[in-house]
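Please read the structure below before turning to the comments.
The values are calculated or read from the model by the stated rules, or taken from the named source; none is laboratory data. Quick caveat, the model's predicted, so the values are computed rather than measured. Ideal geometry is used to build each Cβ from the backbone, glycine not excepted, and the neighbour counts take in all protein chains shown.
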Amino acid sequence: MRTATVTINPQAMTHNLMQVKKRAPSAKVLAMVKANAYGHGIAAVLPALEQADGIGVASFTEAFEARRLGWDKAVGLVEGVFSASEWQQAIDNGCSCVIHHAPQLQWALDCVPIPNSPTRTVWLKYNTGMNRLGFDEQGVISAAKLLYDAGYQLILTTHFANADDCDHSLTSMQIQRFNEVLTILHRDVDKNIKASLCNSAGIINYPDSHCDWVRPGIMLYGSSPVTDQSASELNLQAVMDFSAQIMAFQTVKQGEAIGYGSRWVADKDTRTALVSVGYGDGYPRVVNDEAYVQVIDSAKQKRYTCSVIGRVAMDMLVIDVSRTPIALALDSKVILWGATLPVDDVAQHAGTISYELLCRLSNRPLRVIT
């Protein structure tokens, strides 16, 4: 049978959550599980997040799935709702919502949940410089007053545009703008208004801005969210191992090419192996000449680094095994990314980010939870 496999290690996610809590010991944690838990599978990761204070999702489909799986803590809709009827759904299902523009504000004012409803807590989005979602300064102050008068508990929130780069000037400006408005709200509206600034990168690079809630995403899954430190340097563990097996061997003669486009040409007779995985499974089609995999020789208990050569196809890719033993087994395991081959490295070779690789995995690989 075809052997592309995604193996999920929930213990690694629990470890990563503990790294978040260690870095932000005074803050509550809203763990991001949107996009099917960044491609890992929400059912696989929820048990590992037991010590989080809530989860963040992007849609009701994700919220309903979390509730169906038994999650009974806070569920936050990080884009809010898209209609008045969805606002009622949020109330009925005990979801808290981001409010980031005037229609959402009006729906909240038109239909106020009963006291102690989770939907009575709203995440009021302030656009401090990301320029996607959120009210401007005057708009957020006005919205806060209206929501408070209607009986809502408020968490002022924003989103960093460049927190992965600790030297970027915009982040300092965003923090300053946020703190200025928070001071006004504490003075003029309610001193108990809570605050949330930091995503994964912010948790690491801006420890003085952890506030009341942090919102980790990619670091929970074992990928580095910052530009100057690797996942291992941050003591993060990969939650996902993506692997396949060698399905055939081939010797390519000097001067012959491999695969679509014939973009790789052998400069000498080269022993190659075909691996049962391709972009149809989620491995990136476009990787540079530095891309590599790890082949495990189970007989000798050794691991070999092998270059990816030729163009990745839908169902297979080719690797150079000329430096591995001739007796390498036909079904040798091939690590595409995971604990010993960071997904961040693969993303760099593909000219993208780990988020995209993890989220766009297809349903074709076998899924295993350790």
Notebook entry, point to check: Can you tell me which residue in region 193-216 is surrounded by the fewest Cβ atoms within 10 Å (Cβ to Cβ), limited to those that are under 16 Å from D228 (Cα atoms), touching a Leu at 6+ places or on another chain (Cβ under 9 Å) and of a type outside the set (A, V, I, L, M)?
Noted result: Y206
Item checked: Matching option when the condition is small (G, A, S), buried (at least 18 other Cβ atoms within 10 Å of the Cβ) and under 24 Å from P10 (Cβ atoms), among A238, A266 -> A238
Notebook entry, point to check: Can you tell which of A299, A291 is assigned by TED's automatic domain parsing to the domain that holds V346, in contact (Cβ under 8 Å) with a residue 24 or more places away in the chain, surrounded by fewer than 19 Cβ atoms within 10 Å (Cβ to Cβ) and of a type outside the set (S, T, N, Q)?
Noted result: A299
Margin query: Can you say whether L170 is over 24 Å from D53 (Cα atoms) and either touching a residue at least 40 places away in the same chain (Cβ under 8 Å) or in contact with a Phe, Trp or Tyr (Cβ under 8 Å, 6 or more places away or on another chain) (or both), as far as the supplied structure shows?
Written below: yes
Item checked: Residue list for region 1-41, filter: among the β-branched types (V, I, T), over 12 Å from T370 (Cβ atoms) and touching a helix residue (DSSP H, G or I) at 6+ places or on another chain (Cβ under 9 Å) -> T14, V20, V29, V33
Next item on the list: Sort through D241, D315, D281 and tell me the only one that's among the acidic types (D, E), within 25 Å of M1 (Cβ to Cβ), part of a strand (DSSP E or B) and within 31 Å of the chain's Cα centre (by Cα).
Entry: D241
Margin query: Looking at D190, D165, can you tell me which residue is assigned to a loop (DSSP other than H, G, I, E, B), assigned by TED's automatic domain parsing to the domain that holds D72 and at pLDDT below 95?
Written below: D165
Next item on the list: For residues that are touching a strand residue (DSSP E or B) at 6+ places or on another chain (Cβ under 7 Å) and over 17 Å from Q237 (Cβ atoms), tally how many sit in region 42-66.
Entry: 7
Checklist line | Scan of region 318-352 for residues that are within 26 Å of I218 (Cα to Cα), outside any loop (DSSP other than H, G, I, E, B) and not aliphatic (A, V, I, L, M), ordered by number | finding: W337, D344, D345, Q348, H349
Next item on the list: Look through A35, A12 and report the one residue that is part of a helix (DSSP H, G or I) and in contact with a Cys (Cβ under 8 Å, 6 or more places away or on another chain).
Entry: A35
Note to self: Would you confirm, using the coordinates I've provided, whether V343 is modelled with pLDDT of 95 or more and in contact with a strand residue (DSSP E or B) (Cβ under 8 Å, 6 or more places away or on another chain)?
What the structure shows: yes
Checklist line | Count - residues of region 99-147 that are part of a strand (DSSP E or B) and not hydrophobic (A, V, I, L, M, F, W, C) | finding: 3
Next item on the list: Name the one entry in D269, D228 that is in contact (Cβ under 8 Å) with a residue 60 or more places away in the chain and of a type in the set (D, E).
Entry: D228
Next item on the list: Considering each residue of region 311-323, count those that are crowded, with 20+ Cβ neighbours inside 10 Å and over 14 Å from V277 (Cα atoms), and give that number.
Entry: 2
Notebook entry, point to check: When you scan region 19-32, how many residues do you find that are part of a helix (DSSP H, G or I) and in contact (Cβ under 8 Å) with a residue 24 or more places away in the chain?
Noted result: 4
Check: Can you find a residue in region 278-286 that is surrounded by 14 or more Cβ atoms within 10 Å (Cβ to Cβ), modelled with pLDDT of 95 or more, closer than 22 Å to Y355 by Cα and touching an Asp or Glu at 6+ places or on another chain (Cβ under 7 Å)?
Finding: yes
Note to self: Checking G76 against (1) assigned to a helix (DSSP H, G or I); (2) within 16 Å of L156 (Cα to Cα), only one condition comes out false. Which one?
What the structure shows: (1)
Next item on the list: Pull up region 87-115, narrow it to residues that are in contact with a Lys or Arg (Cβ under 9 Å, 6 or more places away or on another chain) and small (G, A, S), then point me to the one that is surrounded by the fewest Cβ atoms within 10 Å (Cβ to Cβ).
Entry: G94
Check: Does T14 satisfy being at pLDDT 95 or above and among the polar types (S, T, N, Q)?
Finding: yes
